[in-house]
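Data first, discussion second: the structure below is written as C-alpha cells.
Readers should treat all values here as calculations from the given coordinates under stated rules, not as data from a laboratory. As the structure is a prediction and not an experimental result, all values here were calculated from the model. No Cβ is skipped: glycine too gets one built from the backbone with ideal geometry, and neighbour counts run over all protein chains shown.
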Amino acid sequence: MIPEEKKHKKTESRKKWKVSIRFGRMQMVLAAFMALFAVVYLNQRNITYEARERMIGLLDQEEEETTAETEAEGVTTLLLGEEGDASSQSGCEQMEAILSQMRVGYELCMEQDFQVEDLEKYDKVVLSVTHLDLLGERLLDLMDWAREGGNVMLLYPPESGGLLQMVADDFGIAMLGDEMARVEGLHFKEAFMPGGGLRDFLITDPYDSSLAVRLTEDCRVYLESSGEYAVPIIWRREIGEGTVVVDNLGFLEKTYRGIHCAAYTLLGDTCVYPVINGAAFYIDDFPSPVPGGEGKYISRDFGMDVSTFYTQVWWKDTQNLAEKYGIRYTGMVIEQYSDQVERPYERNHDVTRYQYFGNMLLDGGGEIGLHGYNHMPLCLKNFDYQGQFDSYKRWNSYEDMKAGLTELIDFCGEIFPKEKVQTYVPPSNILSEEGRAMLSEDFPEIKSIASVYLPGDMAYEQEFGVAEDGIVETPRVIAGYIMDDYTRMAALCEMNLHFVSSHFQHPDDVLDEDRGAAMGWEKMHENLSDYVDWLYTAAPNIRNLTGTEMAGAVQRYDRLRVEREESPGHLNLKLDGLVDEAYLLVRINTGTPGKVSGGSLTKQAEGLYLLKAEKPEIDIEIK
Ligand SMILES: [Zn+2]
C-alpha cells in the first residue's frame, strides 16, 4: 500500500511534468519569438546596448603628471659597455630599455671609465662587453667583488679566449669550444618564464650566436638549445657570497628583451618589477564595409561568398574563441574604403552590418575603437611613402585630415551612442608626426594609440607607457593567423617582460596569401586557437582587457616606482604611484614565499610569482 503522502507526491510530480511540458512548448515559442525579435532588433537603427563600466578606469592626465616625476628607486645596477663595438651598443640599448621598464635604477658606464672602487655603489653588474681583455685586472677584481656578495651577468657571449679563459671557472665553464654554436631552438630546462615550459621555441634566422661550452656540475641551467646536443643558454652559479649569470643567447633585439630580462632576474636572491598584466585582442577594420564577391580560398573551402563567410564562419569562430577564454575584442572602425582626402566627406548610411557586428562585439564586453574615415594613414603632402603603398593618398591639408577623423567619430557616435571611442589604431601602422600631434591637440577624446611594438617598415613603433602629452602608448605585439616562430618568441618574451599579450587580427587575412590565406581558414583559426590556448595555460589569471582598459593598465604600470629592501627572511617593497591596485612580477631565487601583507601572490612559473599589490607597503616572507 502506498502511503497517502507518497501517492500525493506522485500525482503532484506528474502534474509538474505536464506543466513543464506545456511550459517547455511555451518557452520554445517564446524563444523563437525572442530570437526573431533579436534579429529585427539588431537590424534596427538607433538601437541601444548597455554601456558598461570599464574594468580598469582611465586616470586623468593631471593625476598622471603629479606623480610621474618621483623616482623612488636608488641605483643598484651598473651596465658596463664597450665604446665602438656594435654588439655592445645593441646590448646596452636593449638592456637600458629593459632595466628602465623594470624600474631598476641603473647607471651606464663605458669600459674605459670603469673603476673598481665604483663597485661599492652597486649590487649588480651587467657586462655588455665583447672584448673582456679590455678590462684587464679589473675583470679579476670584479669577480672578487662577486665572491664577496656581488652579482655579475654576461649579457651576451663575449669573444672567446684571452681573459674569458682566465675567469671561465668563475662562470662555471669547464670547457670552452673553439667555435661558436648555432642555436636553432630553445628548450626550457626549468620552466622559469611564463609559458616557457609548455613547448620549445624556434629561433628565426639562426647564426653562430652562442659559446659552445660544457659547464661544471654546480651550474643551474634554466634554458638550453633544443635538439640533440644541448648548448646551455642561460645558467646561474653561486660564487662565494654572490652569483653569476651567463646569458649565452646572443640575440640583442627588441623581440628578445623578455629573455634577457629573465636572465637578469636570476642575479641575487630576489628581483621585483612592475608589469601590466593584460591580454588584449584587436580586430582591424571591424566593423567596416565587407568586400563584395568571392575569395579564392573561401570559395575553395566553404563554397560561399566573402560576405556570407564573414557572418557565418569567421565571426562565429572568432566569437566562440572569445567566449571560451573570456576575450573581449576591440574592433577598429573604418567608415568606408574611398581614397577621398578632401572635404566634405559623405556619411556612410549603409550601417546595418556595423550595428549587427558592433553590437555583438559590445555585448560580449568588447569595445569600439577608431581606425579611419577611410584607410589613408594620417599623413600630409610632405610624407614620403618611399615608393611603397601605391594606393595610399596623402591628405590634402591638415584641416582635411582633421575633418576626416571628426567624421569618423561622429559616425561612430551615431551608431554606438553610448560608447566612448578612445583608442586609435593607425592604418597600416603609419602615423606621421603631424598626424600624431593632431591626435593629442585636436582630439582630447582619444586616450590611447595602439600601433606596433616591434620595428617595421615606416611603422609608428611604440613602447608601453604614457607619452608626454598624456596619450597612452599601448602597442600590439603580435598579429595574424600564421603564428610563426618569430611571433611565438615575441609573445613569450612580452609575457615575461610586461606580462602582456596584445594580438591584432584582420578579417581580410583570409583573403591575403601573405597573411596565410592559402592554408585555409580552418588552419588559420587553429593556429590562433593554439596560441590562445598557450596564453591562458601559461597565465590563467591574466586580465582580459579592451583597448581602453589596456590604456588604464599601462597608466598604472607607467607611474609605479618600486623601492626594494631585502632583510633575512623578508622582502619589503615600497610602492610609489600606486592608485588602486598594481601588478608586479617577483622572482625568488633562494627560498619560497610565505606570508604576504599588502597584496597577494600567485605562482606564474618556477620561482616566479605575480604580485597583486593593494597597499603601498608590501611585505613578503621568504622561507
Ligand atoms: Zn586596417
So how many Å³ per residue does the convex hull of the Cα atoms of the chain work out to?
226
Roughly how tilted is helix 547-559, in degrees to the nearest 10 and between 0 and 90, from the longest Cα axis of the chain?
30
Likely footprinting exposure, Ser428, Ser567, Ser299, fewest C-beta neighbours within 10 Å first:
Ser567, Ser299, Ser428
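Please arrange His349, His260 by counting, for each residue, the other beta carbons lying within 10 Å of its beta carbon, fewest first.
His349, His260
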Please give me, ordered by residue number, the trypsin sites (Lys or Arg not before Pro) of the stretch 281-384 that lie in loop per DSSP and have at most 14 other Cβ atoms within 10 Å.
Arg347, Lys381
Scoring only Lys, Arg, Asp and Glu (+1, +1, -1, -1) among other residues with Cβ under 15 Å from the Cβ of Ser529 yields -2
Diffusion coefficient in µm²/s returned for the stretch 160-280 by Stokes-Einstein, Kirkwood Rh over C-alpha pairs, 25 °C and 0.890 mPa s, is 161
If one compares the long axis through the Cα atoms of helix 521-538 with the longest principal axis of the Cα atoms of the chain, the angle in degrees, nearest 10, works out at 50
In the stretch 280-348, GluC sites (Glu not before Pro) in a DSSP loop with at most 16 other beta-carbon atoms within 10 Å
Glu294, Glu342, Glu346
Summing +1 for each Lys or Arg and -1 for each Asp or Glu, what net charge is found among the other residues whose Cβ lies under 14 Å from the Cβ of Gln319?
0
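Would you mind ranking His187, His371 by Cβ crowding within 10 Å, fewest neighbours first?
Taking fewest neighbouring Cβ atoms as first place, the list is His187, His371.
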In the neighbourhood of Pro194 defined by beta carbon distances under 12 Å, the net charge of the other residues (Lys, Arg +1; Asp, Glu -1) is 0
Hey, if you put +1 on the Cβ of every Lys and Arg and -1 on every Asp and Glu Cβ in the chain, which of His260, Gly91, Ala539 ends up farthest toward the positive end of that dipole?
Ala539
Taking all pairs of different Cα atoms in the stretch 560-622, averaging 1/r and flipping that mean, what Kirkwood radius in angstroms comes out?
11.6
Please get the size of the charge dipole for the chain, origin at its Cα centre, with Cβ charges of +1 on Lys and Arg and -1 on Asp and Glu, quoted in debye to the nearest 20.
4840
With axes computed from alpha carbons, what is the tilt in degrees of helix 315-325 against the longest principal axis of the chain, rounded to the nearest 10 within 0 to 90?
50
